[in-house]
Amino acid sequence: MTTLKTWTTRFALPALLCVAAASAQAVPVLSNLPGVDSGAGTNLGLGVDGADRTKGVGMTMGASSLTFQSMSALIANITNASTLSGGIFSSVGGNPGVQLAAFTPQAIAATFPASVVTLTTASSFVLQANTAYWFVLDGPTTENSLSWNSLAPNVAPSASGGVTYNGYRFSSDGGTTWGVSGVSNGVTISVVPETSTVLMLALGLGVIGLQLRRR
């Protein structure tokens, strides 16, 4: 006959750990991708006209804190090789405020066709419950034609998982001042769901199993 301690350690604990691992898969909470590239978008970094452009998409978290996984964006580059950068910013007055986490810069080849590029942070970053954030993209400070492309039709991102979509903000002076933008650039924000509850339950059952084994 299978005892409680045998069932707990042999079956229940591994099963719960599998559930926890499965729930840790990244899921999108804000996205308008996939979509059709419009062939145009927002220049990033220093443009040929001397303007230093940057742009961000905003969202407010729901009742749960979630770990940021990645930001995917529809990026193109029609001239020389460039570098895509940016990060996660706080929200101040409805606009990007202080950078909280930097994206790992991505090298973008010359004459790069519109493609989805995924950015991540060097270390784990938790998006706190009921808090607004801006996910900002930027380019180099040398003249370039890096572009965060929009979609055709101009479809705004859809939010899920309790998240609220806050629109886009655009700056042409390196982030000093911001304005509302109606151009919906291709984007997906993905997070890792909270698994602490399942893990705690699994660990609790593990402790029970060890106690029963000692008896």
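The values are calculated or read from the model by the stated rules, or taken from the named source; none is laboratory data. From a predicted model like this one, the values you see are computed outputs, not experimental measurements. Heads up, the Cβs are rebuilt from the backbone with ideal geometry, glycines too, and the neighbour counts pull from every protein chain shown. Heavy atoms of the whole protein, side chains included, go into the accessibility calculation; ligands, DNA and RNA do not. Shrake-Rupley method; radii C 1.70, N 1.55, O 1.52, S 1.80 Å.
Listed values, structure above:
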read-out	value
Residue count for region 26-37, restricted to those that are aliphatic (A, V, I, L, M), open to solvent by 50 Å² or more (accessible area, probe 1.4 Å) and part of a strand (DSSP E or B)	1
When residues of region 73-112 are limited to those that are outside any strand (DSSP E or B) and closer than 22 Å to SER31 by Cβ, the one least open to solvent (accessible area, probe 1.4 Å)	GLY94
Residue match in region 140-160 (condition: at pLDDT 95 or above, more than 14 Å from the chain's Cα centre (by Cα) and more than 20 Å from SER38 (Cα to Cα))	no
Conditions (1) open to solvent by less than 50 Å² (accessible area, probe 1.4 Å); (2) more than 19 Å from LEU84 (Cα to Cα); (3) without any contact (Cβ under 8 Å) to a residue 60 or more places away in the chain: number failed by SER124	(1)
Enumeration of residues in region 35-49 that are in contact (Cβ under 8 Å) with a residue 60 or more places away in the chain and of a type outside the set (A, V, I, L, M, F, W, C)	GLY35, ASP37, SER38, GLY39, GLY41, THR42, ASN43, GLY45, GLY47
Selection count where residues are within 13 Å of the chain's Cα centre (by Cα) and not in a strand (DSSP E or B), scope region 49-72	1
Close pairs from region 78-91: first without any contact (Cβ under 8 Å) to a residue 60 or more places away in the chain and farther than 20 Å from ALA122 by Cα, partner part of a loop (DSSP other than H, G, I, E, B) and not hydroxyl-bearing (Ser, Thr, Tyr), Cβ under 8 Å, at least 6 apart	ALA81/ALA109; ALA81/ALA110
Criterion: modelled with pLDDT of 85 or more and open to solvent by 20 Å² or more (accessible area, probe 1.4 Å) - qualifying residue of ALA40, ALA15	ALA40
Subset of region 164-188 [hydroxyl-bearing (Ser, Thr, Tyr) and open to solvent by 50 Å² or more (accessible area, probe 1.4 Å)]	THR164, TYR165, SER172, THR176, THR177
Hits in region 45-63 - residues which are more than 18 Å from VAL180 (Cβ to Cβ) and surrounded by 15 or more Cβ atoms within 10 Å (Cβ to Cβ)	GLY45, LEU46, GLY47, ASP52, MET61, GLY62
Positions within region 49-92 being on the phi > 0 side of the Ramachandran plot and at pLDDT below 95, in sequence order	GLY50
Top-ranked residue of region 189-202 - restricted to ones that are at pLDDT below 80 and surrounded by 15 or more Cβ atoms within 10 Å (Cβ to Cβ), ranked as nearest to PHE89 (Cα to Cα)	GLU194
